[in-house]
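The next block holds one structure in the form of structure tokens; read it before the comments.
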Amino acid sequence: MSSYLELTARERLARVFDHASFEEFLPPAARVVSPHLGQLDAPVAFDDGVAVGRGRLDGTPVFVAAQEGGFMGGAVGEVHGAKLTGLLRRAIAERPAAVVLLLESGGVRLHEANAGLVAVSEVMRAVLDARAAGIPVIALVGGANGCFGGMGIVARCTNMVIMSEEGRLAMSGPEVIETTNGVEEFDSRDRALVWRTTGGKHRYLLGDCQALVADDTDAFRAAAIAAVARYASASAELTLEALEREQAMLADRLERFGGLSEPMEIWRALGIAKPEQVPMLDAEKFVELAANARVGVN
């Protein structure tokens, strides 16, 4: 068993996809770096914190991207975002079986402000354009930095989100909420609370992620292979009917859980008799328990 959480972006690319199949677009040797960080005397990375290219999943050709959480927490800047957007646009032209995004990001890079925000909006548009072209986009979330801010929105624009319990997904990170509204609203140092609120199990129960796996590279690989196979016979396009179903799900969530203040209260409302045991369950046993309790069925 190999922990997905503990790997770098390039180690994940090497282990999730078929051996030696990753071919990188704009590798570090191209030295395409952020034009903004150097002006601020901030460190740069020759891949700007994201590797993009093509590879194979169980022999099937896919386009792939992996964000490096070790560089500025995977935060998105102008070049970083342009590489993701370019990958998705190239996918529309070359038509791989899917685009698989290994996401790990705290959101937009503060050093690049508006350029980073524009970059994330372009990635969102490119994800939806790829889906409109019939190319499924699949997100894997299991890194130590989670998937927050604009990249959290990007993840939910994809066809399918695959998470581990250790992965986290939300719009605003715990520190941001605490800074804005105070520790009484959300204590970012309460790790159990943070994972109950933003972690994979809670997101799976709420329907924000469609597959929950163990923190294991092989488990993520198997789930990604299954996801690509699923869309070989299913439409990837975002339809009006799908949007209406999503809106109905969100309205139901708000009505049922809007007055609750703790994830365990939500789990209990979903019919889980002993919600305090949920954090102790491994991924397989949790998925069995959650089979009849999820809000969103995909």
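Bear in mind these aren't lab numbers, they're just calculated from the coordinates by the rules spelled out. Worth saying up front: this structure is predicted, and the values here are computed from it rather than measured. All Cβ positions, even for glycine, are placed from backbone atoms using ideal geometry, and neighbour counts span all protein chains on display.
Normalised by the number of residues in region 96-254, what is the relative contact order in percent for Cα pairs under 8 Å and 6+ residues apart? Mind dumping the intermediate values first?
Working: 255 pairs, mean separation 38.2, N = 159.
Worked out over region 96-254, it gives 24 percent.
To the nearest Å, what is the center-to-center distance of region 271-295 and region 175-197, using C-alpha atoms only?
One Cα centre to the other: 23 Å.
Label-point separation (nm) for A133 and L260, each offset 7 Å from Cα along Cα-to-Cβ?
Label at A133, label at L260, 4.1 nm between them.
What is the sum of charges, Lys and Arg at +1 and Asp and Glu at -1, for the other residues whose Cβ falls under 13 Å from the Cβ of A291? Intermediate results must be reported in sequence, preceding the final value.
Details: positive: K285, R294; negative: E284, E288.
Computed value for this residue: 0.
Once every Cα of region 55-173 carries one equal point scatterer and solvent is ignored, give the base-10 log of I(q)/I(0) from the Debye formula at q = 0.21 Å⁻¹, two decimals.
Ignoring solvent entirely, the Cα scatterers give -1.14.
How much length is gained on full extension from A291 to D41, taking 0.36 nm per residue of separation minus their Cα-Cα distance?
On the way: separation 250, 0.36 × 250 = 90.00 nm, distance 5.11 nm.
Difference between extended and current length: 84.9 nm.
Of F257, A214, G199, which is farthest along the charge dipole of region 177-298 in the positive direction, counting Lys and Arg as +1 and Asp and Glu as -1 at C-beta?
Among F257, A214, G199, the one farthest towards the positive end of the dipole of region 177-298 is A214.
Go ahead and run the numbers for FRET between D218 and E23, Cβ-Cβ distance against an R0 of 30 Å, rounding to 0.05. Mind dumping the intermediate values first?
Details: r = 22 Å, r/R0 = 0.74.
So, using R0 = 30 Å, E works out to roughly 0.85.
Considering only the other residues whose Cβ falls under 10 Å of the Cβ of G134, what net charge follows from Lys and Arg at +1 and Asp and Glu at -1?
On the way: positive: R95, R131; negative: E237.
Charge balance in the 10 Å sphere: +1.
List the relative contact order of region 1-47 as a percent without decimals, with contacts defined as Cα pairs under 8 Å and 6+ residues apart.
Numbers: 25 pairs, mean separation 12.9, N = 47.
Relative contact order here is 27 percent.
Exactly which GluC sites (Glu not before Pro) in region 202-298 are in a DSSP loop and have at most 15 other Cβ atoms within 10 Å?
Numbers: sites: E237, E241, E244, E246, E255, E265, E276, E284, E288; in loops: E237.
Here the GluC sites (Glu not before Pro) that fit, given the DSSP loop and packing criteria, are E237.
Using only the Cα atoms of region 143-185, construct the convex hull and provide its projected area averaged over every direction, in square nanometres to one decimal.
Details: hull surface 13.8 nm².
It is 3.5 nm².
Taking region 108-213, how much of its Cα-Cα pair set, in percent, is spaced more than 20 angstrom apart?
Numbers: 2434 of 5565 pairs.
Cα-Cα pairs in region 108-213 separated by more than 20 Å: 44 percent.
Give the residue from A82, P96, F71 lying farthest towards the positive end of the charge dipole for region 61-106; charges sit on Cβ (+1 for Lys and Arg, -1 for Asp and Glu) and the dipole is referred to the Cα centre.
Of the options given, the answer is P96.
Please give the per residue volume of the convex hull enclosing the alpha carbon atoms of region 22-69, rounded to a whole number of Å³. It would help to have the intermediate numbers written out before the result.
On the way: hull volume 3.2 nm³, N = 48.
Taking only Cα atoms, region 22-69 has a hull volume of 67 Å³ per residue.
Which number do you get for Rg(Cα) / (2.2 N^0.38 Å) in region 198-257?
On the way: Rg = 14.2 Å, N = 60, 2.2 N^0.38 = 10.4 Å.
Output field value: 1.36.
Please work out the ratio of the alpha-carbon Rg of region 229-298 to 2.2 N^0.38 Å and round it to two decimals. Don't skip to the end; give the middle numbers.
Numbers: Rg = 15.1 Å, N = 70, 2.2 N^0.38 = 11.1 Å.
Cα Rg divided by the expected 2.2 N^0.38 Å: 1.36.
Mind ordering 140-152, 169-181 by average Cβ neighbours within 10 Å, highest first?
Most protected by this proxy first, the peptides run 140-152, 169-181.
Subtract the Cα-Cα distance of R10 and T60 from 0.36 nm times their separation in residues, and report this length gain in nm to one decimal. List each step's numbers first, then the result.
Working: separation 50, 0.36 × 50 = 18.00 nm, distance 1.95 nm.
Full extension of this stretch gives 16.0 nm more.
Taking the Cα centre of region 160-298 as the origin, how large is its charge dipole in debye, to the nearest 20, when only Lys and Arg (+1) and Asp and Glu (-1) carry charge on their Cβ atoms? Don't skip to the answer; put the middle values down first.
Details: 15 positive and 24 negative charges, 66 e Å.
My answer is approximately 320 debye.
Please list, ordered by chain and number, the residues whose modelled amide H lies under 5 Å from the amide H of S172; skip anything fewer than 5 residues away on the same chain.
G149
Might you report the magnitude of the Cβ-based charge dipole of the chain about its Cα centre, with Lys and Arg at +1 and Asp and Glu at -1, to the nearest 20 debye?
Numbers: 29 positive and 40 negative charges, 136 e Å.
For this selection, approximately 660 debye.
Let me have the relative contact order for the chain, percent, based on Cα pairs under 8 Å that are six or more residues apart. Can you show the working numbers first?
Working: 577 pairs, mean separation 47.7, N = 298.
Relative contact order comes out at 16 percent.
To check my understanding: the extent here is largest minus smallest coordinate of the Cα atoms along each principal axis. What are those three numbers for the chain, in Å, largest first?
55, 46, 41
Which of I177, A232, S34 sits farthest toward the positive end of the charge dipole of the chain, with +1 on the Cβ of Lys and Arg and -1 on the Cβ of Asp and Glu?
A232
Is there a quick way to get the dipole size of region 33-95? I mean about its Cα centre, with the Cβ of Lys and Arg at +1 and of Asp and Glu at -1; what is the value in debye to the nearest 20? Before the final figure, lay out the partial values.
Working: 6 positive and 7 negative charges, 79 e Å.
Computed charge dipole of region 33-95: roughly 380 debye.
Using the Karplus curve 6.51 cos²θ - 1.76 cosθ + 1.60 with θ = phi - 60°, work out ³J(HN,Hα) for each residue of region 82-87 in order, rounded to whole Hz, and write x for Gly and Pro.
5, 5, 5, 4, x, 4
Let me know the longest stretch in the chain that avoids all trypsin sites (Lys or Arg not before Pro) found in a DSSP loop with at most 14 other C-beta atoms within 10 Å.
Working: sites that count: R31, R189.
Excluding the exposed sites themselves, the longest stretch runs over 32-188.
Taking a ≥ b ≥ c as the square roots of the Cα gyration tensor eigenvalues, with a/c under 1.5 meaning rounded and otherwise prolate when a/b beats b/c, else oblate, which class fits region 142-298? Numbers along the way, then the final one.
Values: a/c = 1.38, a/b = 1.31, b/c = 1.05.
In terms of gyration-tensor shape, rounded.
Quick one: the Cα spread of region 34-125 along its three principal axes, in angstroms, biggest first?
43, 24, 19
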